[in-house]
Amino acid sequence: MGNGNISFAFYLTVFKKQNQFRYFSFMISLLVYLSIIFFNAIVLLVVFKEKSLRKPMYFLICCLCINALYGTAGFFPRLLIDFLSDTHKISRQACFTQIFVIYTYAVSEYTILTLMAFDRHAAICHPLRYHNIMTPKVTAVVIAFAFLYGIFYMGLAISFLVNIPLCGNEIERLYCSNWSVVKLSCVNTTNNNIVGYFITITTVFAPASFIIFTYVRILIICQKMSSEHRSKALQTCIPHIVTFVNYSVALFCDVALSRYDLGKYQVVALVFSVEFLVIPPILNPLMYGLSLPDIRKKILCFFHFSK
């Protein structure tokens, strides 16, 4: 098994090189985090407050907002502490908890986007059967599945990770990640890599393939519609497509760059490694809040009433 041991703590070494920018970075990160909380909370409040928005599509949008708040809660509070700390030490339990929260968020995001694609497919391709397909019971079940799916797979990944003997405790990331801990292993991690690739395929590539197939079918159906119905259908699909493309690119950058030592390009790698935790949680509520007329009108009415 090697001469390694189970490390009781890890050190995030990236912060040692950022001391001269620590307070500036802290203020920017705090501003971004507060913006994420505000934008997502507004969408949640409006959807749950307005009875006219209590529909499957809007509930799934709320799932994206809840998932964003959940995932960023596993990243930003710890990041803010590290910017002001001198040790940058994180316990083993806290590190694995952070891995679980961040990657449960990542997996659940793709699952929710898959369900949103299915919802749009049912609404556009089978409009007369839509309310029979997306019943309240079905909606509740698929939403529960979206979150349980991520919990199950990340629980499986963590179960393989926690018993790995380690020959190091320095992580060159802004947060604990699965791969950054695996690289510290003293032993052959082939089995863990196989599990990792299996999880990546089943939680990323399979859902992505389904989403692409679904929207291709939707676009084909839209070509047969009148210009008015086509415009209305695409209006509800475009935010989903933009969200899917944005999140896929962000997640791909994190997965790809985490596998390589980029040396002098480390700053670039760090920026891309947190993109999936920053850009989608900000972009999604803005995209849906501004692009979908029903939500946009209710948000404007909400702020007007508040005044």
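The values are calculated or read from the model by the stated rules, or taken from the named source; none is laboratory data. Just so you know, these numbers come straight off a predicted model, no measurement behind them. All Cβ positions, even for glycine, are placed from backbone atoms using ideal geometry, and neighbour counts span all protein chains on display. Note: accessible area is taken over every heavy atom of the protein model, side chains too, but ligands, DNA and RNA are not part of it. Shrake-Rupley method; radii C 1.70, N 1.55, O 1.52, S 1.80 Å.
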Inset, instruction - Please give the FRET efficiency for S231 paired with C301, using the beta carbon to beta carbon distance and R0 = 25 Å, rounded to the nearest 0.05. - result: 0.55
Inset, instruction - Taking semi-axes √(5λ) of the Cα gyration tensor in Å as the quantity of interest, determine which of (1) 43, 31, 18; (2) 38, 23, 16; (3) 44, 21, 20 was computed from the displayed structure. - result: (2)
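Please report the carbon-and-sulfur percent of the accessible area for the chain; probe 1.4 Å, protein heavy atoms only, DNA, RNA and ligands left out.
69 percent
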Legend entry - Isolated Cys in the chain, by beta carbon distance under 4.7 Å: C62, C63, C65, C125, C222, C237, C253, C301
Legend entry - Subset of K51/K232; K49/K232; K224/K298 violating a 27 Å alpha-carbon distance limit: K224/K298
Legend entry - Fully extended contour minus Cα-Cα distance, from F48 to L31, at 0.36 nm per residue: 3.5 nm
Inset, instruction - Pairs of Cα atoms under 8 Å, at least six residues apart: use those to get the relative contact order of the chain, whole percent. - result: 28 percent
Legend entry - Whole-angstrom gap from the range 29-64 to the range 152-168, using each part's C-alpha centre: 33 Å
Inset, instruction - List the residues whose amide H sits under 5 Å from the amide H of E170, counting only those 5 or more places along or on another chain, with H placed 1.01 Å from N in the peptide plane. - result: Y11
Inset, instruction - Determine the dipole magnitude for the range 9-306: charges of +1 sit on the beta-carbon of Lys and Arg, -1 on that of Asp and Glu, nothing else is charged, the reference point is the Cα centre, and the result goes in debye to the nearest 20. - result: 660 debye
Legend entry - Inter-label distance, nm, simple model (7 Å from Cα along the C-beta direction), E170/Q93: 2.8 nm
Legend entry - In Å, descending, principal axis extents of the Cα set of the range 84-137: 61, 20, 15
Legend entry - Stretch gain in nm, segment H126-F152, where the contour uses 0.36 nm per residue and the Cα spacing is subtracted: 6.2 nm
